[in-house]
Amino acid sequence: MKEPAVRAAMEAARADGPHTLDLQVQVCEIPAPPFHEEQRGLELKRLFEDLHLHDVRIDKAGNVIGVRPGKSAHPNLVFSAHLDTVFPEGTNVKVTRTGDLMKGPGIGDDCRGLALMLSVIRSLDEGHVETPGTITFVADVGEEGLGDLRGMKSLFFDSLKGQIDKFISVDGTGLGITHIGVGSNRYKVTFKGPGGHSYGAFGMANPIQAMGRAIAKIDAFQVPAQPKTTFNVGRVGGGTSVNAIPFEAWMEVDMRSADVAALKELDNKFHAAIKEAAEEENARWDGRGAVTASAELVGMRPAGQTPKDSPIVQTAMAVSRAMQIDEVLREGSTDSNVPMNLGIPAITISGGGIGMGAHSLNESFDGKDAWRGTQRAILLAVALAR
């Protein structure tokens with residue numbers, strides 16, 4: 001913090017605070033629904049080019065990549081924020097604003113991260129900061145929902161395979177540090193049978209009733225409180241009419257844990273429950289019109305963690321202390337899950353400000369003093385690019 005160039009960059013970030021909030025609104029009013037981040041990605045590409053990053057490009061997954069060269073190619077620090085939102089096509093993404101208070105879908109998660117990333121680039125340039133190592137900035141796709149971290153998986157296994165030494169993701173609001181990656185397995189389970197008339201074909205095995213048995217079994221699971229392990233039946237559907245035995249029913253199930261073994265044990269229980277539910281429904285009706293069940297894995301986020309005593313976490317905590325920020329270590333499911341699982345030093349930091357109602361149509365962001373999040377990100381990036 002005593003280095004003149006770093007100090008100048010941090011002062012530039014504070015001065016740039018109002019412009020960063022304007023950018024946050026600008027970016028957020030470009031729709032980026034799941035699997036359709038192209039429009040917002042093109043705008044980030046343009047902004048990267050305007051900031052004179054090198055080798056600006058969009059990879060085959062849709063990630064926008066730009067390089068700020070250091071004196072050497074390594075260490076190569078990847079600094080990322082995600083493009084996508086949880087909101088479907090057609091959602092009104094207009095942001096309303098009263099001073100520093102902004103309301104709009106995705107305004108904090110992760111429009112704040114994208115705007116902060118742009119401010120970090122601009123502030124480093126205004127401070128004429130030269131880093132020993134290189135910083136590669138990435139606006140990535142597929143972080144939310146069934147995106148399944150496809151942007152990160154592409155980055156680490158294809159676009160920048162073998163080139164990433166350290167990783168920072170900026171996601172959400174506040175000033176926390178996430179160093180434990182909560183893994184998740186997500187399934188769509190489909191139950192099928194011949195179907196028939198509710199009166200005329202009565203006595204035939206019923207896919208929805210089999211699914212009900214499965215849900216009851218899942219609800220009865222006993223899971224550890226530590227490591228925290230969770231399950232959720234999030235969506236269900238099926239059937240054609242109140243007076244028809246359905247020929248198909250489906251449900252979507254999410255299971256999570258930061259512990260690989262605990263998640264595996266839960267996964268095994270889940271598969272056993274699905275099998276038993278179908279068997280019990282068939283036995284109830286003597287196998288008439290047998291129901292089948294199949295579970296399709298539609299999302300898999302690898303679990304992982306960066307130890308608290310690792311250099312990257314210790315550096316992040318030292319940066320927070322230097323800025324008189326209370327260190328808050330968290331666990332969560334973010335883009336950092338992929339590098340954590342690969343053993344690459346990685347953390348996710350929050351973008352400053354105060355966010356409320358994330359993943360809701362009423363999401364809001366209070367940008368008062370949000371520049372502190374940008375300053376912290378600058379100091380951390382410079383410290384890690386050494």
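If the condition is being touching a Gly at 6+ places or on another chain (Cβ under 7 Å) and surrounded by fewer than 23 Cβ atoms within 10 Å (Cβ to Cβ), then the stretch 97-129 contributes only 100.
Might you check whether a residue that is surrounded by 20 or more Cβ atoms within 10 Å (Cβ to Cβ) and either outside the structural domain of residue 229 (by TED's automatic domain parsing) or more than 13 Å from residue 177 (Cα to Cα) (or both) occurs anywhere in the stretch 323-331? Looking for residues that are surrounded by 20 or more Cβ atoms within 10 Å (Cβ to Cβ) and either outside the structural domain of residue 229 (by TED's automatic domain parsing) or more than 13 Å from residue 177 (Cα to Cα) (or both), one finds none in the stretch 323-331, hence no. Does the stretch 357-375 contain at least one residue that is touching a Phe, Trp or Tyr at 6+ places or on another chain (Cβ under 9 Å), assigned by TED's automatic domain parsing to the domain that holds residue 92 and either under 17 Å from residue 169 (Cα atoms) or without any contact (Cβ under 8 Å) to a residue 24 or more places away in the chain (or both)? Scanning the stretch 357-375, I find no residue that is touching a Phe, Trp or Tyr at 6+ places or on another chain (Cβ under 9 Å), assigned by TED's automatic domain parsing to the domain that holds residue 92 and either under 17 Å from residue 169 (Cα atoms) or without any contact (Cβ under 8 Å) to a residue 24 or more places away in the chain (or both), so the answer is no. You will find that of 75, 33, the residue that is without any contact (Cβ under 8 Å) to a residue 60 or more places away in the chain and in the same structural domain as residue 171 (by TED's automatic domain parsing) is 33 and no other. Set side by side, the residues 133, 147, 176 differ, and just one is within 30 Å of residue 248 (Cα to Cα) and not hydroxyl-bearing (Ser, Thr, Tyr), which is 147.
Every listed requirement among (1) surrounded by fewer than 18 Cβ atoms within 10 Å (Cβ to Cβ); (2) of a type in the set (D, E, K, R); (3) part of a helix (DSSP H, G or I) is met by residue 57 save one, (3). The set of residues in the stretch 73-99 that are closer than 17 Å to residue 116 by Cβ and of a type outside the set (Asp, Glu) comprises 77, 78, 79, 80, 81, 82, 83, 85, 95. The sole residue among 191, 247, 270 that is aromatic (Phe, Trp, Tyr), closer than 28 Å to residue 330 by Cα and in contact (Cβ under 8 Å) with a residue 24 or more places away in the chain is 270. Quick test of your reading of the structure: residue 292 fulfils all but one of (1) at positive phi; (2) assigned by TED's automatic domain parsing to the domain that holds residue 260. Name the failing condition by number. Exception for residue 292: condition (1). Among the residues of the stretch 207-224, those that are in contact with a helix residue (DSSP H, G or I) (Cβ under 8 Å, 6 or more places away or on another chain) and not in a helix (DSSP H, G or I) comprise 221, 223, 224. Looking at 350, 320, 333 in this structure, which one is touching a Lys or Arg at 6+ places or on another chain (Cβ under 9 Å), touching a residue at least 24 places away in the same chain (Cβ under 8 Å) and under 30 Å from residue 276 (Cβ atoms)? After ruling out the rest, the residue left standing is 333. For the stretch 90-97, the criterion of being of a type in the set (Ser, Thr, Tyr) and over 25 Å from residue 19 (Cβ atoms) is satisfied by at least one residue.
Of the residues screened, residue 196 is not one that is surrounded by 16 or more Cβ atoms within 10 Å (Cβ to Cβ), more than 12 Å from residue 293 (Cα to Cα), at pLDDT 95 or above and under 26 Å from the mean Cα position of the chain (by Cα).
Among the residues of this structure, residue 80 does not count as one that is more than 21 Å from residue 39 (Cβ to Cβ), outside any loop (DSSP other than H, G, I, E, B) and among the polar types (S, T, N, Q).
Only one of the numbered conditions (1) modelled with pLDDT of 95 or more; (2) not in a strand (DSSP E or B) is not met by residue 187, and that is (2).
Put simply, of 84, 59, 100 the only residue that is at pLDDT below 95 and in contact with a helix residue (DSSP H, G or I) (Cβ under 8 Å, 6 or more places away or on another chain) is 100. One residue stands out in the stretch 237-260 among those that are at pLDDT 95 or above and out of contact with any Phe, Trp or Tyr (no Cβ under 9 Å at 6 or more places or on another chain): the one that is surrounded by the most Cβ atoms within 10 Å (Cβ to Cβ), namely 257.
Scanning the stretch 261-277 for residues that are loosely packed, with under 15 Cβ neighbours inside 10 Å and of a type outside the set (D, E, K, R) yields 261, 268, 271, 272. Counting only helices (runs of 4 or more DSSP H) that sit completely within the stretch 284-386, those holding 1 or more residues that are over 30 Å from residue 261 (Cβ atoms) correspond to 311-322, 371-384. None of 299, 353, 304 is buried (at least 18 other Cβ atoms within 10 Å of the Cβ) and modelled with pLDDT under 95 except 304.
The values are calculated or read from the model by the stated rules, or taken from the named source; none is laboratory data. Given the structure is predicted, the values throughout are model-derived calculations rather than measurements. Neighbour counts run over all protein chains shown; Cβ positions are idealised from the backbone, glycine included.
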